[in-house]
Each structure stands twice: as structure tokens, then as C-alpha cells.
Amino acid sequence: MNEYIDQISGYFETVPLWPFVLFGLLGIVAIMVDIVNRKRRALAVDNFRYTFEKELADMYPEHKRWPKNINHYLTSRLPEMHQNFEVLRVFIPQDNLREYNIDWNNFRDFCRDITDEKIAIAEQRATENNQSAKQESDPKEIFQKLISKLLKHTEL
């Protein structure tokens, strides 16, 4: 066993130390970059969630009131939500990226297509049926599901 230790110590005596110092510094830099990226991802997730909580506070997570002229209300908030979507997209794993993009496109399309008339029709159907169960085509229920799908990408 002493032969092996002598051989290893002899190796370190003859080899220059600069490669070890260089690899040590590279390791420290890699750890620092990882820490910075984790903080950036956490900030992107917080901004993404905060945008939904702030901009859509009356509608999500609990429905308090549905604003009049819903199409204008949602489309006016889309640019800020889209910016946070783009920032968070950098931190989404590649295998989840397609689903994330699909979820965003579904949400964006819903926001552009929803109108007060569609909501009124859905509410009228619900009152005509006199059922407490929600229908599949209820825009408020669809809205909740779309946001939930988007926010599940922040739970990685």
C-alpha cells in the first residue's frame, strides 16, 4: 500500500500544479453559474405566477367577479403575460417545452376569442338546466383549467 502512496505523491511532485488550479477554478465558476441560473429561474417563476395573481386577481384562483368587456380586459393584459411567458420559457426543460407552448397558445386563443355574449349564453344554459353541475363549455371553468395548466409548469 505504501508503494501506491509513494507513487501518487511522486506524481504530484513532478507534475505542475497549474492544471489542478485551473480545473478547481472552472469548478467554482460552474457552481456559481448554476447558483445564478437557479436564482434567475426562481425569479422567472415568481414573476410568471405574480402576473397571473395580480392581473387576474378577480378571476383566479377563486372566481370573485367576471369583468364586463372580458375580451378587452384579457387582451390588454396579454402582452405582460406573454413577456413573462417568454422569460420562463428559457428555463422549461426541453421535453416539457412543447406542452408549455401548447398550453400558452390555448390560453392566448381563449383570451382572444372569449366575449361577453359567450359567457351570457353559458350562464343562460346553466340556469335553464337548473343543475348545480357545471357544463363542459362553461367559459369560467375553461379559464380556470387553462391557467392551472400554465401554472403547473412553474412547479418543477
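The values are calculated or read from the model by the stated rules, or taken from the named source; none is laboratory data. These figures come from a predicted structure and were not determined experimentally. Every residue, glycine as well, gets a Cβ built from its backbone with ideal geometry; the counts of neighbours run over all protein chains shown. The protein model used for the area step is the full one, side chains on, heavy atoms only, and it has no ligands, DNA or RNA in it. Shrake-Rupley method; radii C 1.70, N 1.55, O 1.52, S 1.80 Å.
Dividing the mean sequence gap of close Cα pairs (under 8 Å, 6+ apart) by how many residues the chain holds gives a relative contact order of 22 percent. If R0 is taken as 30 Å, the Cβ-Cβ distance between Ile8 and Lys39 corresponds to a FRET efficiency of 0.15.
The heavy atoms of Tyr11 offer some 120 square angstrom of accessible surface to a 1.4 angstrom probe.
Using heavy-atom solvent-accessible surface (probe 1.4 Å) with all chains present, what is the largest-first order of Thr14, Thr127, Thr51, Thr75?
Thr14, Thr127, Thr75, Thr51
For region 71-82, backbone phi angles converted through the Karplus equation (6.51, -1.76, 1.60; θ = phi - 60°) give residue-by-residue couplings of 4, 5, 4, 6, 5, 6, 9, 4, x, 5, 5, 5 Hz, Gly and Pro being listed as x.
Excluding the site residues themselves, the longest part of the chain lacking any trypsin sites (Lys or Arg not before Pro) in a DSSP loop with at most 10 other Cβ atoms within 10 Å is 69-156. Derived value for the chain: Kirkwood hydrodynamic radius 19.6 Å. Basis is the mean of 1/r over every pair of different alpha-carbon atoms.
May I ask you to list the aspartates and glutamates whose Cα is less than 12 Å away from that of Lys152, ignoring any residue fewer than eight positions away on the same chain? Candidates past the 8-residue exclusion: Glu99, Asp103.
Taking a straight line from the alpha carbon of Lys149, these lysines sit under 21 Å away, with near neighbours fewer than eight places off in the same chain left out: Lys54, Lys64, Lys134, Lys140. So how tilted is helix 139-151 from the main axis of the chain? Cα-based, degrees 0 to 90, rounded to 10. Roughly 0 degrees between the two axes.
With viscosity set to 0.692 mPa s and temperature to 37 °C, compute the Stokes-Einstein D of region 67-109, Rh being the Kirkwood radius across alpha carbon pairs; µm²/s, no decimals. It diffuses with D of about 289 µm²/s by this estimate.
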